[in-house]
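Encoded as structure tokens, the structure appears first; notes follow it.
Every number in this text was worked out from the coordinates using simple rules, so none of it is lab data. Remember, it's a predicted structure, so these values are computed and weren't measured experimentally. Note that each Cβ is placed from the backbone with ideal geometry, even for glycine, and that neighbours are counted across all protein chains shown.
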Amino acid sequence: MILIKIGGGSLINIEGVAEDIASLKDKCIVVHGANAARDKLALDLDKPKKVITSVSGYSSVFSDENAIDIIMMSYAGIKNKRIVEQLQLKGVNALGLSGMDGRVIQGCRNKGIRIKENGKVMIARDFSGKPKAVNKGLLQLLVDNGYVPVLCIPIIDENSFAINSENDDIINVLQQEFKAEKIIQLIEAPGFLGNKEDEGSLVKNISKEELEGIEAKVEGRMKRKILALRKLFENGAAEVIMSDGRSEHPVKDALEGKGTIIH
């Protein structure tokens, strides 16, 4: 089993990803983002996203009802179906699902996020939360019968509401159940960069022991991503490959060791 996380940037080569998945001999599950599509749609609708930062320094999108509607349109609608379309064009029998469909990704809504605003600590409550479980029976049925599940937010909470969540956390709960041999993360960069402004500063290898030190140095969303990587190894991951989703053959390149290998 291979878990493939496709970043949500506009430059990711979805056609190349689909072509590579078509050539895989391993079963796989795809989880994708759509932040570029979401941000564009939000601006088109004059409902721009709001980013909040917790007092501990982790950034996330504030998810009110308008934000959830936009997520449904951009993630579960446009992006999910375009990825499914490309996979079908390459002969892959893909099936697109949001986390709500079949309760395939079940979560728990946040009780509140402690944020600092205008010098005061406040509690922000929205429709966001952490994934806690997956419908393994449904996903196993699909992959055993030749389908490639293509998953995205929103997920479903304990009261059956749609909630936003982080794809890195979704990959974690999938890893807990499926114990994937490899986890591929496709991003708009050659891999993990020592200097985020310099694509020539690629770090080729990172040990899991180094992740805590890296997390302490980075900020914003990258801080959350490094924390999620640490949790992946706590859940038994053997190898995570962070590679360039913009290349001609993103998945093939990752499997050949291009990018950053975390082990």
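Listing for the model above:
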read-out: Equivalent ellipsoid semi-axes, the chain, via Cα gyration tensor eigenvalues times 5, rooted, Å; value: 26, 23, 18
read-out: Dimensions (Å) - segment 150-232, Cα atoms, principal axes, largest first; value: 45, 27, 24
read-out: Lysines whose Cα lies under 22 Å from that of K90, excluding same-chain neighbours fewer than 8 positions away; value: K5, K25, K27, K79, K81, K252
read-out: Base-10 log of normalised Debye intensity for segment 106-193 (one unit scatterer per alpha-carbon) at q = 0.11, 0.12, 0.22, 0.24 Å⁻¹; value: -0.44, -0.51, -1.12, -1.19
read-out: Simple label model, 7 Å out from Cα along Cβ direction - N235 to E117, nm; value: 3.1 nm
read-out: Distance between segment 149-180 and segment 54-92 - C-alpha centres, whole angstrom; value: 12 Å
read-out: Relative contact order for the chain, counting Cα pairs under 8 Å that sit 6 or more residues apart, in percent; value: 24 percent
read-out: Residues with amide H under 5 Å from that of S128, placed H, sequence gap 5 or more; value: N110, N164
read-out: Order of M222, M100, M242, M122 under a 10 Å beta carbon neighbour criterion, fewest first; value: M122, M222, M100, M242
read-out: Rounded if a/c under 1.5, otherwise prolate or oblate - segment 191-263, Cα gyration tensor axes; value: oblate
read-out: Neighbour net charge for M222 - beta-carbon separation under 10 angstrom, K R +1, D E -1; value: +4
read-out: Bridge type composition, the chain - antiparallel percent by DSSP, nearest 5; value: 45 percent
